[in-house]
């Protein structure tokens, strides 16, 4: 392993679960839980077996890297 | 070797008001949004003004925008385009997932959190990665993916030569 990652990895090994949790919260995991929910209408097409094309406005695509937010697909 | 010694021109799209403040103060405002893909920092597109224009005008839908360019330089730069570095990042993420951490239950660990976790353990100046763009523009049989290189500057001392880019509309 290279120097930087080796140091991070080794320091991480010495941290307790509680310490790591605090650092992860500082890094932002709570922000995800507390943020407001919103929804927009998206068009979903099924053009072949087992294949879904989800089309949303290009201007919105930056928001959709987490597919946990796509719900009620039928 | 994780760190690269590198410099480039970065382009940053923002509102007209924010741009005026940046130019006046000669410093950027650090983004503290946990949705930012590379964690907290100042974001730039590497050597591509059109990416910055598309981001601010289409993704953020800002009509009255400005583009600022700056020189970005550091020898503590983590480049995630390098497969070796990307694999290390995954290894750190895997180690986090192995821990018994209540706050992570039902939570999808995202790269921004892993990166800022690493940064708390040991600081670095800059991290950059490629992200796919315009998924719908690919043609059948063409496997070249439109990509953009995003740069997240954690240490703003690495930013210099800040100037507004004149746009011809």
Note to self: Of the residues B:140, B:128, only one is outside any helix (DSSP H, G or I) and surrounded by 12 or more Cβ atoms within 10 Å (Cβ to Cβ); which?
What the structure shows: B:128
Item checked: Filter result (within 7 Å of chain B (Cβ to nearest Cβ) and at pLDDT 90 or above) within the stretch A:1-24 -> A:4, A:5, A:7, A:8, A:9, A:11, A:12, A:17, A:20, A:21, A:23, A:24
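The values are calculated or read from the model by the stated rules, or taken from the named source; none is laboratory data. Here the structure is a predicted model, which is why all the values come from computation and not from measurement. Because the Cβ atoms are built from the backbone with ideal geometry, glycine has one as well, and the counts that use them run over all protein chains shown.
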